[in-house]
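We did not get these values from a lab; they are worked out from the coordinates using the rules stated. Nothing here was measured: the structure is a model prediction, and the numbers come from that model. Counting neighbours? That spans all protein chains shown, and the Cβs are built from the backbone with ideal geometry, glycine included.
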Amino acid sequence: MTGKRQHYIPRFLLKGFCSKTEGPKRFIWYFRKGSKPSEISIRDVAVSRKFYGDSGPETIDKKLTKMEQQFGPTIDRLRTDKKINTSDLPTIVEFFINMVIRTQYIRKSITDATGGLLKMAARNLSDPHKMAIFLNEAIKQNKSRFRDQLRGSMRRKLGTKVPIREEHIIRWVEENVEQLTTLLASPFSKEVVKGLTAFIEKIDEHGNISHKDALDRFLNLEEPSKRHHQYNKLHWIIKSYDPNQFILGDICVLTMNTKSQSFSPLIFSKKDNYILLLPISHDTLLIGSDSKEPLLPPPEVLNLHSVELSNDFFVSPINSEREKQFSERVGEKANSWWEPEIGEIEKEQFGE
């Protein structure tokens, strides 16, 4: 992966869905949303220029490349042997976490969700009446903080402390907060919406920077993360199927709730009643479960949810009628984890 062209889904995983080989080249069927399927080299799939930033010692790119040198041989052997050894478990846990936090999927999903939240806020706060209600409620919910900020502001203006005057002013402001927020709502609304709009216009740039920073912090952790501890408690299982059963969506790892049988991306850490599902080849599924004998979904069900929850594409070792039908549904539920949440926030904060 080292260099300017950086794979956010590693080639050692993609090759498990290889359609053909020509010398050292491996090819795969690539189904991108809104495009015709194409059979291309895995070198050109799930790759972006400087996705993790610059290359070199101690960079994200270098650290992930070093990890891949351990992941690759383990995943290759699991595909062949269909057996998990105890010594494989630390690598499997690290590999799963890697495939959750490093991908384009996580970056785009979090960026889109943040953008959706900010657009909702800008849409509502552009209304001075709603801005006044929002300010009034914010002050009520954070009285202590509001008082401290108001007191600090007065001291900066006066250049000294006048406790008795400060308390009189704070009391007057609190008694007249509704009138003051109504008065301030219109100019405040314009400035807030202006700032939100400027941020939204560069949301992709902000998202790229935030993801790289978060990934860098995660890779530099000195102690195992909460997710490490959680995954270390799971039962890890490998299951073999007939050839050409699985595709791989750009979401990679899916979570299935074992009670509701619903599927979701692994954006947040789960606590219980779930299994993690990752096809590592067209005929092999790697599973993390809180149960020793989980009830697994049929391959077609897993495939369909992988396609619908993916943002942009999926890959497959074959190009059949099944893949054609799947390609028409790429991304149908990609935002299903955050759009309802934003709707609830909007309803709670701003009403119907």
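Take the cross-link list K239/K259; K82/K212; K36/K66; K271/K292; K66/K108 and give me the ones stretching past 23 Å between alpha-carbons. Walk me through the numbers on the way to the answer.
Values: K239/K259 21 Å; K82/K212 34 Å; K36/K66 35 Å; K271/K292 16 Å; K66/K108 25 Å.
In this structure, K82/K212; K36/K66; K66/K108 lie more than 23 Å apart at Cα.
Which of the lysines could a cross-linker span from K190 if the Cα-Cα distance has to be under 18 Å and same-chain partners fewer than 8 positions apart are dropped?
K119, K130
How much of the pair distance distribution for the range 194-327 lies past 28 Å, counting alpha-carbon pairs only, in percent? Before the final figure, lay out each step's value.
Details: 2768 of 8911 pairs.
The share of Cα pairs beyond 28 Å in the range 194-327 comes to 31 percent.
Any idea what the relative contact order of the range 126-201 is, in percent, if you count C-alpha pairs under 8 Å spaced at least 6 apart? Walk me through the numbers before you get to the answer.
Details: 34 pairs, mean separation 42.9, N = 76.
Dividing the mean separation by the residue count of the range 126-201 yields 56 percent.
Which FRET efficiency value, to the nearest 0.05, do you get for H229 and Q179 by plugging their Cβ-Cβ distance into 1/(1 + (r/R0)^6) with R0 = 51 Å?
Numbers: r = 52 Å, r/R0 = 1.02.
Using R0 = 51 Å, I get an efficiency of 0.45.
Using the beta-carbon distance between R155 and L221 and R0 = 41 Å, what value does 1/(1 + (r/R0)^6) give for FRET efficiency, to the nearest 0.05? Show your work: numbers first, answer last.
Numbers: r = 40 Å, r/R0 = 0.97.
The value I calculate is 0.55.
Output the DSSP H helices from the chain with an along-axis C-alpha extent of no less than 27 Å and a mean Kyte-Doolittle hydropathy no less than 0.0.
Values: long enough: 60-81 (31 Å, -1.11); 104-125 (31 Å, -0.18); 177-201 (33 Å, 0.56).
Passing helices, by number: 177-201.
Based on other C-beta atoms within 10 Å, arrange V330, V193 from fewest to most. Let's see the in-between values first.
Numbers: V330 23, V193 18.
With the sparsest Cβ surroundings first, the list reads V193, V330.
At 10 °C and 1.306 mPa s, grab the translational diffusion coefficient of the range 1-103 from Stokes-Einstein with a Kirkwood Rh over Cα pairs, rounded to a whole number in µm² per second.
It diffuses with D of about 107 µm²/s by this estimate.
Taking +1 at the Cβ of each Lys and Arg and -1 at the Cβ of each Asp and Glu, which of Y241, M256, I84 sits farthest along the dipole of the chain towards its positive end, judged by Cα position relative to the Cα centre?
The listed residue farthest towards the positive side: I84.
Report the GluC sites (Glu not before Pro) located in the range 254-348 that are in a DSSP loop and have at most 12 other Cβ atoms inside 10 Å of their Cβ, or state none.
Numbers: sites: E300, E308, E321, E323, E328, E332, E341, E344, E346, E348; in loops: E328, E332.
For GluC sites (Glu not before Pro) across the range 254-348 that sit outside H, G, I, E and B with at most 12 neighbouring Cβ atoms in 10 Å, the list reads E328.
Please compute the contact order of the range 245-352 in relative form: average sequence separation of alpha-carbon pairs under 8 Å and at least six residues apart, divided by the residue count, as a percent. If you can, show how the numbers build up before the last one.
On the way: 150 pairs, mean separation 29.6, N = 108.
With pairs under 8 Å counted, the relative contact order is 27 percent.
Under 8 Å for C-alpha pairs, at least 6 residues apart: give me the relative contact order for the chain, rounded to a whole percent.
Relative contact order, the chain: 23 percent.
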